[in-house]
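Below is one structure, written out as structure tokens, with a few remarks after it.
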Amino acid sequence: MSFYPPRPTLFNTLAFTLLTLLSLCARAENPVYKVEVLVFANQDPAALKEQTWNTLEIPRLAGAAELGSGGSGPYQRLPGNNLVLTAEKNRLARQQGFRTLFHGAWYQPVGNQNSSRAVHLRGGQLMPNGAYELDGYISIDRDDFLHLRPDLYYTSINPQTVEKLQMATLNTPRRIKANQIHYLDNPLFGVLVLIQR
């Protein structure tokens, strides 16, 4: 007497397909990271002389995330007791010539360069042209490594020039590691970034 296994039913086939798709979707979800950014201005007069100034318009990036003011979901600014770089911020405040423009943290999913979302940052004083001293974007994506892609603009009043409002930029991408503090430098402003899993 021979034995034949039962034929798969339509229900079993659909159930198997659905489970496979759910498994693939779970693996495809982008991991969530906590991102903390501290941006500070260097008001040393010597820094003004080192800087190459631009008169660019700050670009507007469609689809960028605007940080919310509450909650713990993606792209919501976390309360002060969740900030790790507070000691660095306080150390800078004690040194003459440094001033904080932005300090905040949030959670965000991080995917590849095509799927990750830039975050819009603004801070500092409101300038005569209606822009903030600090304006621009931070993008984080990942492949085998994490990548930080800043596109930040610092606007300053320079009384020694005809164009009173002038702009410095910081837009050099960098490969980074999670759970390490990274420093990005421009003569007029600096950025500390900490990304945690």
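Residue pairs whose Cβ atoms lie under 7 Å apart, sitting 6 or more positions apart in sequence or on different chains, and linking a residue in the range 105-126 that is closer than 22 Å to Tyr153 by Cα and surrounded by 21 or more Cβ atoms within 10 Å (Cβ to Cβ) to a partner that is at pLDDT below 95 and of a type in the set (Ser, Thr, Tyr), are Gly124/Tyr132.
For the range 179-191, which residues satisfy the criterion of being at pLDDT 95 or above and either of a type in the set (Ser, Thr, Tyr) or touching a helix residue (DSSP H, G or I) at 6+ places or on another chain (Cβ under 6 Å) (or both)? Selection gives Tyr183 alone.
When Ser156 is tested against the conditions (1) at pLDDT 90 or above; (2) of a type in the set (Gly, Ala, Ser); (3) surrounded by 12 or more Cβ atoms within 10 Å (Cβ to Cβ), the lone failure is (1). Screening the range 123-197 for strands (runs of 3 or more DSSP E) wholly inside it with 1 or more residues that are in contact with a Phe, Trp or Tyr (Cβ under 8 Å, 6 or more places away or on another chain) and more than 24 Å from Asn90 (Cβ to Cβ) returns the ranges 132-142, 146-157, 165-170, 174-176. Go through (1) closer than 26 Å to His147 by Cα; (2) modelled with pLDDT under 95 and name the single condition Ala47 misses. Result: Ala47 passes all but (1).
The values are calculated or read from the model by the stated rules, or taken from the named source; none is laboratory data. Being a predicted model, the structure only gives us computed values, none of them experimental. In this analysis, Cβ positions are derived from the backbone assuming ideal geometry, glycine residues included, and neighbour counts consider all displayed protein chains.
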